[in-house]
Amino acid sequence: MQDLLQIITDKLGPAGPLYVVGGLGLFLILLSVPFFLKKEDDPLDKLKASNTRGKDNTKSREALRSKQANERLERYSTFLEPQNEEEYSAIKLKLLQAGYRSKDAVRYFYFAQFALGLLGLLGGTIYFVLFVAQTDPDTQKTLMYILGPGAAGYYLPKYWVTKRVEERKQQIEEGFPDALDMLLVCVEAGQSLDQSIIRVARELRASYEHLADEFEMVSYEIKAGKDKAAVFSDMAERCGVMDISSFVTVLIQSATFGTSIAEALRVYAAEMRDKRVMRAEEKANKLPTKMTLATMGLCVPPLLIILVGPSIVNIQALGQ
């Protein structure tokens, strides 16, 4: 035992045994996590499942496979989704706005946070033991190398989803005026609103994929018999763009008061075109302000060198 301790101390320094014990403890924790996360099946649930299994023999293999996959996640649902209904609704809406519409999207999100956090913690610990422990670091440096990668891995899924939401909103905002123009053309050509939405979704696929997905989902929900007002309200909630919320309000009011949908689309499409021009002008007006610091940093130093450099050389020559 003394020889083993001596070898560990020679390899890892005076704190080598502590590192070994800590690594062993972390390994045991990671090994025991699945057993803690596993939720035992309720005997009543097993009885219900056995009773319903005999009644559902006509289900397809694909349906059975998808059910089994959901059951695997259901075992860990207590740990892979928030127990607060408000928090669950908020993260589900954010994932919908990011384009993740799967039933288990919330569980996958929390599983990604949990797994990446553990992997980052494990990677930071291994890197610290192999490369940093020999330099006798202080406590702050030790925590930074060990806990830093774990925190980065934990917040990486949240950063990814937030960035995807912003990109998706920007694409929808940019493509919405074109979608309104196409929708107006289809309606004025004699097509119904449902047929126009299907046609616009097909035509927008090449340029604005996310907006085409939203219109396609609207068409499917309308075909399924869902109320149009609820369908458009859900679309506005999924997109999270103010322009689409206003457009949904216009459509609902037009259907409520019996006014012409084509006329409402014509007025709102013209407004959206004007708004797109104003956004472009706003970005153009911000450009000189954003370029000021870059211009000063890149142009002023070379100009000073060109103007002042010869004078400095002449002064040094006269001094000598």
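Tabulated data
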| quantity | calculated |
| --- | --- |
| Where the Cα pairs of segment 236-320 fall when distances are cut into 5 Å bins, in % | 3, 11, 11, 10, 10, 7, 6, 6, 5, 5, 5, 4, 4, 4, 3, 2, 2, 1, 0 |
| Rg over Rh, two decimals, segment 155-302 (C-alpha only, Kirkwood Rh) | 1.10 |
| Cα point-scatterer Debye curve for segment 180-238, base-10 log of I(q)/I(0) at q = 0.22, 0.24, 0.27 Å⁻¹ | -0.86, -1.00, -1.17 |
| Neighbour cut-off at most 15 other Cβ (10 Å), DSSP loop, GluC sites (Glu not before Pro), segment 271-300 | none |
| Potential extension, Leu307-Thr249 segment - 0.36 nm per residue separation minus Cα distance | 14.6 nm |
| Label-reachable residues, segment 221-254, where backbone N falls under 20 Å from a point 7 Å from Ala90's Cα toward its Cβ | 237-241 |
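Just so you know, all these numbers are worked out from the coordinates, no wet-lab data involved. Fair warning: this is a prediction, and the values are worked out from it, not measured in the lab. When we count neighbours, we look across all protein chains shown, and the Cβ atoms used for this are built from the backbone with ideal geometry, even at glycine.
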